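Report on the following structure.
The values are calculated or read from the model by the stated rules, or taken from the named source; none is laboratory data. If you're wondering where the values come from, they're calculated on a predicted model, not measured in any experiment. Glycine gets a Cβ as well: all are built from the backbone with ideal geometry, and neighbour counts include every protein chain shown. With ligands, DNA and RNA removed, areas are computed over all heavy atoms of the protein, side chains included. Shrake-Rupley method; radii C 1.70, N 1.55, O 1.52, S 1.80 Å.
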Amino acid sequence: MREIQEVQLEDSELNLKPTYEKASEIFEVIFKEIGNAIVGQKEMIRQILIAMLCEGHVLVESNPGLGKTLTISTISQIMNMKFSRIQCTPDLMPADITGTDIIEDDEKGSKRFKFKQGPVFANIVLADEINRASPKTQSALLEAMQEKQVTVANTTYLLDKPFFILATQNPIEMEGTYALPEAQLDRFLLKIQLQYPDKEEEFEIVNRYAEAFRPAVRRCIDKETFLELQQITRRIPISNKLKRYAIEIVNQTRNLPELIEAGASPRASIALILCAKANAFLDKRGYVEKEDIDAMVLPVLRHRIILSFEAARNNTTSDKIIQKILEDKKQLYNERERG
């Protein structure tokens, strides 16, 4: 029997009930509008929305040409949010991302400093091929990702809400790239790995984009409504039993020294529970089930563990290890339920 069965909004300081009641309709329209522009990639779209609902960021790893840029720009249009794209290159400087102080003349002819905002000052930011930027430039995103602010010289500037970064990296072209440090990887709520579309999906892609016709999308939600959806996501209830189940999965990554050199931090436990809430919300449920946690384990953990030398030597992947951990914990959980 569940400890809590439905989301509680009555005692909230915000009037979230109207938004909660129409949330299912909002999500249906969002998925429908995205589908007008994007063929397939349903799992990527769903996980991006989950990350946005959880106020997190996403790292997408895939070969070129699989619709990452089109997907995120389409989402920004649907939600009427400011979108900017940063094309990362080795000569990109931190100020090119955050902005910088410039000298300008005022009305009296005197010179003064004025802050010129960089592309990070947007609601949705695409950092394309982030591993091509130097570590110094990559680190310029850390404060923005974690604190939702930018500090230039001695002044701190708050970023507009909602704020979401989608970073991409190409796994097949490693020359002239810089691996993301573990501290920055941990700031990404999810890591998504894309696959090629099947033949039917590719046929539909060709039909849409090799002809004169261009699919159009319409705005169907505003920023204020989406901020309320973020508030509701955190209020989706989860039982203590399922919290412990999620924590056990994360904790097990620290107890396999023969396979994992460094396991996931408590930030991963927070991420897993938050994403499970968002997954339940998208499935039109006001509570978290075990399947919600299981569905989010791979994208939450795959970038948060460091494989041991032995595991890397044997070509063991992070996904295989995490899948094995998940299967063991699911079996243990089921045995407890039967007992």
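Which ones in the range 209-231 are in contact (Cβ under 8 Å) with a residue 24 or more places away in the chain, part of a loop (DSSP other than H, G, I, E, B) and not aliphatic (A, V, I, L, M)?
Pro215, Arg218, Arg219, Cys220, Asp222
Residues that are surrounded by fewer than 16 Cβ atoms within 10 Å (Cβ to Cβ) and touching a strand residue (DSSP E or B) at 6+ places or on another chain (Cβ under 7 Å): find the strands (runs of 3 or more DSSP E) completely inside the range 150-208 holding 2 or more of those.
Here the list reads 155-158.
Sort out which residues of the range 100-155 are β-branched (Val, Ile, Thr), under 18 Å from the mean Cα position of the chain (by Cα) and farther than 24 Å from Pro90 by Cβ, and write them in order of number.
Ile124
Restricting attention to the range 330-339, which residues are open to solvent by 100 Å² or more (accessible area, probe 1.4 Å) and among the polar types (S, T, N, Q)?
Gln331
So which residues in the range 97-135 are open to solvent by less than 50 Å² (accessible area, probe 1.4 Å) and in a helix (DSSP H, G or I), if there are any at all?
Matches in the range 97-135: Ile97, Thr98, Ile130, Asn131, Arg132.
Could you run through the range 283-329 and say how many residues are open to solvent by 30 Å² or more (accessible area, probe 1.4 Å), among the aliphatic types (A, V, I, L, M) and touching a residue at least 60 places away in the same chain (Cβ under 8 Å)?
1
Only one of Gln47, Gln77 is assigned to a helix (DSSP H, G or I), open to solvent by 10 Å² or more (accessible area, probe 1.4 Å), more than 19 Å from Leu190 (Cα to Cα) and not small (Gly, Ala, Ser). Can you tell me which?
Gln77
Could you look through the range 135-155, keep only residues that are in contact with a helix residue (DSSP H, G or I) (Cβ under 9 Å, 6 or more places away or on another chain) and among the polar types (S, T, N, Q), and pick out the one that is modelled with the highest pLDDT?
Step by step, filter the range 135-155, then rank; the result is Gln149.
Given (1) closer than 24 Å to Tyr196 by Cα; (2) touching a Lys or Arg at 6+ places or on another chain (Cβ under 9 Å), where does Pro90 come up short, assuming only one miss?
Unmet condition: (1).
If you take just the helices (runs of 4 or more DSSP H) that sit entirely in the range 255-339, which of them hold at least 2 residues that are farther than 28 Å from Pro171 by Cα and out of contact with any Leu (no Cβ under 9 Å at 6 or more places or on another chain)?
In the range 255-339, 318-338 are the helices (runs of 4 or more DSSP H) which contain 2 or more residues that are farther than 28 Å from Pro171 by Cα and out of contact with any Leu (no Cβ under 9 Å at 6 or more places or on another chain).
Looking at Pro94, Pro90 in this structure, which one is open to solvent by 70 Å² or more (accessible area, probe 1.4 Å) and more than 28 Å from Phe31 (Cβ to Cβ)? It would help to see each step written out before you state the result.
Values: Pro94 fails: open to solvent by 70 Å² or more (accessible area, probe 1.4 Å).
Pro90 is the lone residue from the list that is open to solvent by 70 Å² or more (accessible area, probe 1.4 Å) and more than 28 Å from Phe31 (Cβ to Cβ).
Select from the range 209-231 the residues that are open to solvent by less than 100 Å² (accessible area, probe 1.4 Å) and not hydrophobic (A, V, I, L, M, F, W, C) and write down the one among them that is farthest from Asp292 (Cα to Cα).
Taking the range 209-231 first, the residues open to solvent by less than 100 Å² (accessible area, probe 1.4 Å) are 209-210, 215-217, 220-223, 225-231.
From what's left, not hydrophobic (A, V, I, L, M, F, W, C): 209, 215, 222-223, 225, 228, 230-231.
Numbers: Tyr209: 35, Pro215: 33, Asp222: 27, Lys223: 26, Thr225: 24, Glu228: 21, Gln230: 17, Gln231: 19 Å.
Here the answer is Tyr209.
Look at the range 232-254 and say how many of its residues are touching a residue at least 40 places away in the same chain (Cβ under 8 Å) and either assigned to a loop (DSSP other than H, G, I, E, B) or crowded, with 16+ Cβ neighbours inside 10 Å (or both).
Number satisfying all stated conditions: 14.
Considering the range 42-86 alone, what residues qualify as being more than 11 Å from Phe164 (Cα to Cα) and of a type in the set (Val, Ile, Thr)?
Matches in the range 42-86: Ile45, Ile50, Val60, Thr69, Thr71, Thr74, Ile75, Ile78, Ile86.
Checking Met145 against (1) in contact with a His (Cβ under 9 Å, 6 or more places away or on another chain); (2) not in a helix (DSSP H, G or I): exactly one of these is not met. Which one?
(2)
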